[in-house]
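Trainee: A single structure is presented below for examination.
The values are calculated or read from the model by the stated rules, or taken from the named source; none is laboratory data. Here the structure is a predicted model, which means the values were calculated and not measured. Cβ placement follows ideal geometry from the backbone for every residue including glycine, while neighbour counts extend to all protein chains displayed. These accessible areas exclude ligands, DNA and RNA; they are computed on the full protein's heavy atoms, side chains included. Shrake-Rupley method; radii C 1.70, N 1.55, O 1.52, S 1.80 Å.
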Amino acid sequence: MSRREEISANLGVVRERIAAAERAAGRPEGDVSLVVVTKYFPATDVEILADLGVRDVGENRHQEAEAKAAATAGLDLRWHYIGGLQSNKAAAVAGYADVVESVDRAKLLAPLERGRAARLEGGGQASPLDVLLQVSLDAADADHRAGVAPEQLAGLAEAVADHPSLRLAGLMAVAPLGEDPAVAFARLAEMRDGFLRDHPQARTLSAGMSGDLEEAVAIGATHVRVGSAILGGREVIK
Ligand SMILES: *Cc1c(COP(=O)(O)O)cnc(C)c1O
């Protein structure tokens, strides 16, 4: 099987899983979009994905993301930055990303604003940068490495409004390892209800990966981020 055939077959399986989960949740077909996570895989795989109709791709490390976005410029892809973000890299990420999903502290906002404003002035896409606030679903994660603590979410959301080149688009979360994802995502759904009361336009909910996309679609995810189920195990590649 060629790499293209392999990716095409896996993509079909994942699209069918999403469709089945939509039906099971009583959601309309096509309600949930797919971001294919291409981390550790080469730009040639990104080209295959684009050719197979994928428009949204995700990366979690700045240097790799920047290189792949440059290598595939012209393919009309939307780049989602989904990884931990250092504030000294944030301006550079805003230079190529279309969506930054992992905003977890206010300190990132000024460099993201600066990076996006520079890109807009440089004649790039004339739209603000979409940001998602990554929320922590892990009560045991005392220093909140996996996202903003629920009690700090409202303040962080308000801070985004002070940045004209940023648009608050919604929330992102990862289910903690070792917990039933349905239980973790139920907490996410509740947090989102409260959040939407204050920010009704910020409806994006990024949740669900290869192993738990069904549970995420069930609680209202608007897009899922799927890597290994489409591109294969990362361990064997690298
Ligand atoms: C790697 C990654 C994914 C994709 O995970 P898979 O299990 O390979 O589907 C999704 N979200 C984030 C934040 C990731 O880092």
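Trainee: Give the residues of the range 72-107 that are under 18 Å from the mean Cα position of the chain (by Cα), assigned to a loop (DSSP other than H, G, I, E, B) and of a type outside the set (D, E, K, R), sorted by residue number.
Mentor: Result: Leu77, Ile82, Gly83, Gly84, Leu85, Gln86, Ala97.
Trainee: If Ala73 satisfies all but one of (1) open to solvent by 10 Å² or more (accessible area, probe 1.4 Å); (2) within 16 Å of the ligand (Cβ to nearest atom); (3) under 29 Å from Ser87 (Cα atoms), what's the number of the condition it fails?
Mentor: With (1) open to solvent by 10 Å² or more (accessible area, probe 1.4 Å); (2) within 16 Å of the ligand (Cβ to nearest atom); (3) under 29 Å from Ser87 (Cα atoms) applied to Ala73, the lone miss is (2).
Yes or no, residue by residue, for (1) assigned to a loop (DSSP other than H, G, I, E, B); (2) not hydroxyl-bearing (Ser, Thr, Tyr):
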site	(1), (2)
Leu11	no, yes
Pro28	yes, yes
Tyr40	yes, no
Val46	no, yes
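Trainee: Let me ask something additional. Suppose we keep only residues that are hydrophobic (A, V, I, L, M, F, W, C) and open to solvent by 10 Å² or more (accessible area, probe 1.4 Å) within the range 212-236. Which one would you say is farthest from Ile18 (Cα to Cα)?
Mentor: Val236
The rows are residues; the columns are (1) open to solvent by less than 50 Å² (accessible area, probe 1.4 Å); (2) more than 30 Å from Glu29 (Cβ to Cβ); (3) assigned to a strand (DSSP E or B).
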| site | (1), (2), (3) |
| --- | --- |
| Leu109 | yes, yes, no |
| Leu120 | no, yes, no |
| Ala146 | yes, yes, no |
| Gln152 | no, yes, no |
| Arg167 | no, no, yes |
| Val183 | no, no, no |
| Ser210 | yes, no, no |
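Trainee: So for the range 169-181 (the condition being surrounded by fewer than 17 Cβ atoms within 10 Å (Cβ to Cβ) and away from the ligand (no atom under 16 Å from the Cβ)), does at least one residue qualify?
Mentor: yes
Trainee: May I pose another question? If I filter the range 196-208 down to residues being within 18 Å of the chain's Cα centre (by Cα) and either open to solvent by less than 60 Å² (accessible area, probe 1.4 Å) or within 11 Å of the ligand (Cβ to nearest atom) (or both), which single residue comes out as farthest from Leu129 (Cα to Cα)?
Mentor: Within the range 196-208, the match that is farthest from Leu129 (Cα to Cα) is Gly208.
Trainee: Name the residues in the range 38-61 that are within 10 Å of the ligand (Cβ to nearest atom) and of a type in the set (Asp, Glu), would you?
Mentor: Scanning the range 38-61 gives a single hit, Glu59.
Trainee: Being modelled with pLDDT under 95 and open to solvent by 10 Å² or more (accessible area, probe 1.4 Å): is that true of Asp31 here?
Mentor: Here the answer is no, as Asp31 does not meet what is asked.
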